[in-house]
Amino acid sequence: MLTRKQHELLLFIHERLGQGGVSPSFDEMKDALGLKSKSGIHRLITGLEERGFIRRLPHRARALEVLRLPEGLEAGRPRTAPKPKFQPSVIKGDFAFAGREAAPPAAVPSGSTAANETIQLPLYGRIAAGTPIEALRDNSAFVDIPVSMLTGGDHYALEVSGDSMIEAGILDHDTVIIQRCDSADNGAIVVALVDEGEVTLKRLRRKGNTVALEPANAAYETRIFGADRVRVQGKLVGLVRKY
């Protein structure tokens, strides 16, 4: 037996999954059900999960699967749920394309408090050639990010400039979430500093003593450098897009 709010939330999640294959955010669920806090959504999600109506997919932010609907409802035709207010779209950080590998970001375990919370990250300026990350720091600009998108360690946000990564789903003016680090696996999308003067967002490839910075756009060429000329300043773990 579901409560009225559990019933509404289940149908809303099912409808959104049917529209685009991506479950709504906690903010969207909160607005759709007219709740004042995301803690109420967390309790409803937990209740639906305990009753076997939904399943949270591990190691993925915003990943829910509807296992069944209440009796008497057709699986493919959910009732109309309240429409959510506008919210920015948060896109999970699995940016593989054309069969190329990319490690998906780790997510906070779905049952934790952090799954419902947001955190403010410093929003640096637009990532553009000729500007080291340190020079982009702006202590007055911040962006709210779901904690569940973040892995351990220090993070910052950057606004993307240009179209060199569009085939990886990264567009001009997108905001990318970067985990600060000085190394990354082959195939990871990283913020790379070249010759201590140029910073760029590209896919990293290492072979021997060379480093390739690979775009995700056929109109751009892969650039090859000696390993001593490239310094990793962070790796991509998520992306935020406003419509």
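The values are calculated or read from the model by the stated rules, or taken from the named source; none is laboratory data. Source: prediction; values computed, not measured. As a convention, Cβ positions derive from the backbone with ideal geometry for all residues, glycine included, and neighbour counts pool all protein chains shown. Ligands, DNA and RNA are stripped out before the accessible areas are found, and what is left, the full protein with its side chains, is counted by its heavy atoms. Shrake-Rupley method; radii C 1.70, N 1.55, O 1.52, S 1.80 Å.
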Report task. Considering every residue within region 172-180, establish whether at least one is in contact (Cβ under 8 Å) with a residue 60 or more places away in the chain, open to solvent by less than 10 Å² (accessible area, probe 1.4 Å) and aliphatic (A, V, I, L, M). Result -> yes
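Could you check region 217-243 and list, in sequence order, the residues that are within 18 Å of the chain's Cα centre (by Cα) and either touching a residue at least 60 places away in the same chain (Cβ under 8 Å) or not in a strand (DSSP E or B) (or both)? Even if it seems obvious, please write down each step before you answer.
At the first step, the residues of region 217-243 found to be within 18 Å of the chain's Cα centre (by Cα) are 234-243.
Answer for region 217-243, where residues must be within 18 Å of the chain's Cα centre (by Cα) and either touching a residue at least 60 places away in the same chain (Cβ under 8 Å) or not in a strand (DSSP E or B) (or both): 234, 236, 237, 238, 239, 240, 241, 242, 243.
Does region 186-194 include one or more residues that are out of contact with any strand residue (DSSP E or B) (no Cβ under 8 Å at 6 or more places or on another chain), farther than 30 Å from residue 25 by Cβ and open to solvent by 50 Å² or more (accessible area, probe 1.4 Å)?
Applying the first criterion (out of contact with any strand residue (DSSP E or B) (no Cβ under 8 Å at 6 or more places or on another chain)) to region 186-194 yields none.
Scanning region 186-194 turns up no residue that is out of contact with any strand residue (DSSP E or B) (no Cβ under 8 Å at 6 or more places or on another chain), farther than 30 Å from residue 25 by Cβ and open to solvent by 50 Å² or more (accessible area, probe 1.4 Å).
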Report summary line: Quick count over region 17-38, residues being part of a helix (DSSP H, G or I), touching a residue at least 24 places away in the same chain (Cβ under 8 Å) and either surrounded by fewer than 14 Cβ atoms within 10 Å (Cβ to Cβ) or among the charged types (D, E, K, R) (or both), is 5
Query raised in the report: Among all residue pairs at least 6 apart or on different chains, which show Cβ distances below 6 Å where the first residue, located in region 193-213, is closer than 18 Å to residue 236 by Cα and the second is at pLDDT below 95 and polar (S, T, N, Q)?
Result: 193/233; 199/131; 205/186; 206/186; 212/222
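Every residue in region 39-55 that is surrounded by fewer than 16 Cβ atoms within 10 Å (Cβ to Cβ) and touching a Leu at 6+ places or on another chain (Cβ under 9 Å), please. Spell out how you get there, then give the answer.
Here is the first cut: in region 39-55, the ones surrounded by fewer than 16 Cβ atoms within 10 Å (Cβ to Cβ) are 39, 43, 46, 50-52, 55.
Scanning region 39-55 gives 51, 52, 55.
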**Report entry** Selected residue (criterion: farthest from residue 191 (Cα to Cα)) from residues of region 141-161 that are out of contact with any strand residue (DSSP E or B) (no Cβ under 6 Å at 6 or more places or on another chain) and open to solvent by 30 Å² or more (accessible area, probe 1.4 Å)
**Finding:** 152
